[in-house]
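Everything on this sheet refers to the single structure shown next.
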Amino acid sequence: MAIQVKDRLFTIEMANTMYQMQVDSYGVLCHLWYGAKTGCSMEYLMDYPDVGFSGNIYDAGNVRNYSLDNRPLEYSTIGNGDYRIPALSVIHANGTKALDLRFEAYEILPGKYQIPGLPAAYGDETEAETLRITLKDKFSDIKVILNYGVFEKLDVITRSTVIINGEKDAVTIDRAHSLCLDISRGEWEWIHFHGRHNMERIVERNEIFHGIQESSSRRGSSSQQQNPTVLLCEKGATEERGLCYGAALLYSGGFQTQVEKEQMRQVRLLMGMNPELFSWQLNPGEAFYTPEVILSCSLEGFGTLSHQFHTILREHVCRGVHKLAERPVLINNWEATYFDFDGEKILKIARQAAELGVDMMVLDDGWFGKRNDDCSGLGDWFVNENKLKCSLHKLAEDINGLGMKFGLWFEPEMVSEDSDLYRNHPDWAIQIPGRDPIRSRFQLVLDMSRADVREYLYESIRNILNSANIEYVKWDMNRSVCDWFSAMLPAGRQGELPHRYVLGLYELLERLTTEFPQVLFEGCSGGGGRFDAGMLYYCPQSWCSDDTDAYQRTQIQYGTSFFYPVSAVGSHVSAVPNHQTGRRTSLEARGVTAMAGSFGYELDLSKLSREEKEAVGEQIRRFKQYGPLIHNGAYYRLSNPLKDNLAAWSFVEKDQSRVLAQGLTFRVEPNMRRYVLKLRGLEPAAQYQLVKGTELEAGQIYTGAALMAGGILLPGADGDDKAFEFYFERV
Ligand code: GLA
């Protein structure tokens, strides 16, 4: 049992880490510790000076130093003397906002709790336990349940909150974060992942200054601009050293991560739905469920933390038959044709791809309605046979005849004004009456909170999926949302729409993925604009970025790898000059970069030279050989491509019996010494034989210690983007 309770002290002991909290003499649930296992109560470290201007709860009487403003709390609220950022804010019927939460009860349950209508990590009683702590406002019948899901072996705790209105009147929740983590000691840095379209999840590391720092999205989706993941680490922590915490939100809408360093240098981390886009009327007797946060702690730097997140996301968030299965090598026609294709052109690409060993042909945007550019057609989910010059059934059949699977692109949540759907149902699009709608890529967003909209989408997509042998769906979403209004909600409840949109999206995804369990769903949003743990619950992989330039991709995939498993990262080889950057990189550089993901191609292979085609065939054979190691092995970041002159990573078999190291060198200088690459995660005393490697002698044997402490010499750099690949087996 990972969860132990003694005299109101709650200790969660996991494989390597410990989380501890305590109900104090006033019934307040305080956070005591998150870090190394200590085997005792950490209360002795708590020291609470009397801080002027910090409010005292009334029942503390003359105890001047008792203030919620200086205690590490498990869940912070407003109006109780704690002036730091609140996790929860509720407006009572009389318009006031205070909440003073005190302990009421707890329960320990086998297995991992689930959340109605929202994605959540899952685990049976052999894998997980649930601790449920109920708090109650001292002055009203508002209750707050804090759920802790504990995956003991994985050093993972999930957090989510339920707010219950036991009052006679409705209340309004205007802020309900999923995670509140107070850290009372230490000097901390935070790492978050920012970006833009074509440049997602760029790592940024900053000192935490006094005040509040934030990373958030108010775009209705998790966004390219910020990712709903965050890392807090001890100053100076590295891949291999230092205490660090990671948090990932299982939510695909607007989010907010806030980090506050307060007057006593304590740090509070909050994560949850973005309050700027949220309010919720909670009627008497109703419960509101926040999304879930996955929290993990590593005592030995980012590498271990990433492994913990990769395992929990791949094995306990991703679902369905594909989650651990080898993924098909696919070819997508988008960069090969854009909107300009017919069935024959697609078949031609497929024929060439089949010859080279590609498993699946994916038909991207433009096969439906009137859709020859991005100005029209979205919403009209019926096949444009005039354009294809054949039925979808026939096209899929022909592709299957080549020994390939067939996959299809959808962008269900969108509508073009020039579409039958919009002409028939203008009120289905999100826009504010009396104002011009905000367009983006010429399109509007459907009101996913509406049951009739979801029913239409369900029926349309279902019909298409039943009309042909479709084994893969790319679920795209190509704009941010802003002019929120739903005809279905009364004026006072419009603030609920952004969250209701996400709930509607999840409901539709749940319905379709349940009805079509064999279909592999890949998430997408203008590349990696909705690459979040919530979407991974429905789609076990996600298109990482519209930027397919190998050089830039190593930076994008580097940032992505801090939280997300390699199998979740859709990654393709495309043509040169690259369509996003104009850069020319070698085919091998594009190949190894795309292999660190769910691999595929996105170009017209028939335009390649004979040598290039042979190289593609060889890449596919290599991916099929190494694929299980790439997706099931432990992933190591061996360089920081944002700073170093190389991008390098490796995959180590869980039993340390083999390792594949890959990467690129760049920013070449004259008269350079060769780079040395130090491997990680091997058995020091074991002997590893080089089976295959760039310029190194195959058959050569090294000890694990030598490969880790000394490293291997990379090929001499004689041009940018030189790719390398080494494969060792233990002898
Ligand atoms: C988005 C996706 C691309 C492609 C286009 C089609 O930008 O990220 O991969 O599917 O839409 O319009």
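For the stretch 348-367, residues that are within 16 Å of the ligand (Cβ to nearest atom) and either assigned to a loop (DSSP other than H, G, I, E, B) or open to solvent by 10 Å² or more (accessible area, probe 1.4 Å) (or both) total 4. Condition check for LYS345 on (1) out of contact with any Cys (no Cβ under 8 Å at 6 or more places or on another chain); (2) touching a residue at least 24 places away in the same chain (Cβ under 8 Å); (3) of a type outside the set (A, V, I, L, M); (4) more than 15 Å from the ligand (Cβ to nearest atom): one failure, at (2). Could you please give the count of residues in the stretch 422-458 that are more than 16 Å from the ligand (Cβ to nearest atom), surrounded by 18 or more Cβ atoms within 10 Å (Cβ to Cβ) and of a type in the set (A, V, I, L, M, F, W, C)? Residues in the stretch 422-458 being more than 16 Å from the ligand (Cβ to nearest atom), surrounded by 18 or more Cβ atoms within 10 Å (Cβ to Cβ) and of a type in the set (A, V, I, L, M, F, W, C): 7 in total.
Every residue in the stretch 476-497 that is touching a Cys at 6+ places or on another chain (Cβ under 7 Å) and open to solvent by 20 Å² or more (accessible area, probe 1.4 Å), please. Matches in the stretch 476-497: none.
For the stretch 79-118, filtered to residues that are free of Cβ contacts under 8 Å to residues at least 60 places away in the same chain and either outside the structural domain of VAL23 (by TED's automatic domain parsing) or of a type in the set (A, V, I, L, M, F, W, C) (or both), the residue that is least open to solvent (accessible area, probe 1.4 Å) is LEU99. Give me the pairs: first residue in the stretch 30-51 and part of a loop (DSSP other than H, G, I, E, B), second residue aromatic (Phe, Trp, Tyr), beta-carbon distance under 7 Å, and six or more apart or on different chains, which are they? Pairs that qualify, where the first residue is part of a loop (DSSP other than H, G, I, E, B) and the partner is aromatic (Phe, Trp, Tyr), are MET42/TRP33.
For the stretch 104-142, a residue qualifies if it is in a strand (DSSP E or B) and not aliphatic (A, V, I, L, M), and the qualifying residues are GLU104, TYR106, GLU107, PRO110, GLU129, THR130, ARG132, THR134, LYS136, ASP137. Against the test of being within 16 Å of the ligand (Cβ to nearest atom), assigned to a helix (DSSP H, G or I) and either surrounded by fewer than 23 Cβ atoms within 10 Å (Cβ to Cβ) or modelled with pLDDT under 95 (or both), the options LYS394, LYS387, LYS370 yield a single qualifying residue, LYS387.
Of the residues making up the stretch 419-435, those that are more than 15 Å from GLN494 (Cβ to Cβ), more than 32 Å from the chain's Cα centre (by Cα) and not in a helix (DSSP H, G or I) are SER419, HIS425. Residue by residue through the stretch 1-17, note down the ones that are over 28 Å from the mean Cα position of the chain (by Cα) and assigned to a loop (DSSP other than H, G, I, E, B). Those that are over 28 Å from the mean Cα position of the chain (by Cα) and assigned to a loop (DSSP other than H, G, I, E, B): MET1, ASP7, ARG8.
The residues listed here are PRO540, PRO517, PRO565; of these, the one that is in contact (Cβ under 8 Å) with a residue 60 or more places away in the chain and surrounded by fewer than 23 Cβ atoms within 10 Å (Cβ to Cβ) is PRO517. Taken over the stretch 632-668, the criterion of being open to solvent by less than 20 Å² (accessible area, probe 1.4 Å), modelled with pLDDT of 95 or more and not in a strand (DSSP E or B) is satisfied by GLY633, SER639, PRO641. Every condition in (1) part of a helix (DSSP H, G or I); (2) in contact with a strand residue (DSSP E or B) (Cβ under 9 Å, 6 or more places away or on another chain) is met by ARG479 except one, and the failing one is (1). The residues of the stretch 254-264 that are assigned to a strand (DSSP E or B), buried (at least 24 other Cβ atoms within 10 Å of the Cβ) and within 19 Å of the chain's Cα centre (by Cα), listed by number, are PHE255, GLN256, THR257.
Just one of the numbered conditions (1) more than 21 Å from ASP155 (Cβ to Cβ); (2) polar (S, T, N, Q); (3) open to solvent by 50 Å² or more (accessible area, probe 1.4 Å) is not true of SER54: (3). Here is the figure for the stretch 459-506: residues that are within 16 Å of the ligand (Cβ to nearest atom), within 19 Å of GLN256 (Cβ to Cβ) and of a type in the set (D, E, K, R) total 0.
Among the residues making up the stretch 119-162, those that are open to solvent by 10 Å² or more (accessible area, probe 1.4 Å) and under 20 Å from the mean Cα position of the chain (by Cα) are TYR122, GLY123, LEU154. Residues in the stretch 295-342 that are open to solvent by less than 20 Å² (accessible area, probe 1.4 Å) and either on the phi > 0 side of the Ramachandran plot or within 16 Å of the ligand (Cβ to nearest atom) (or both): 8 in all. Scanning the stretch 265-286 for residues that are assigned to a strand (DSSP E or B) and either open to solvent by 10 Å² or more (accessible area, probe 1.4 Å) or among the hydrophobic types (A, V, I, L, M, F, W, C) (or both) turns up VAL267, LEU269, LEU270, MET271, MET273, TRP280, GLN281, LEU282. Picking from residues in the stretch 397-418 that are in a helix (DSSP H, G or I) and touching a strand residue (DSSP E or B) at 6+ places or on another chain (Cβ under 8 Å), the one that is nearest to the ligand (Cβ to nearest atom) is ILE399. Just one of the listed residues (SER76, SER67) is outside the structural domain of VAL502 (by TED's automatic domain parsing), part of a loop (DSSP other than H, G, I, E, B), of a type in the set (S, T, N, Q) and closer than 30 Å to LYS153 by Cα, and it is SER76.
The values are calculated or read from the model by the stated rules, or taken from the named source; none is laboratory data. Worth saying up front: this structure is predicted, and the values here are computed from it rather than measured. Here Cβ is always computed from backbone atoms with ideal geometry, including for glycine, and neighbour counts include all displayed protein chains. Heavy atoms of the whole protein, side chains included, go into the accessibility calculation; ligands, DNA and RNA do not. Shrake-Rupley method; radii C 1.70, N 1.55, O 1.52, S 1.80 Å.
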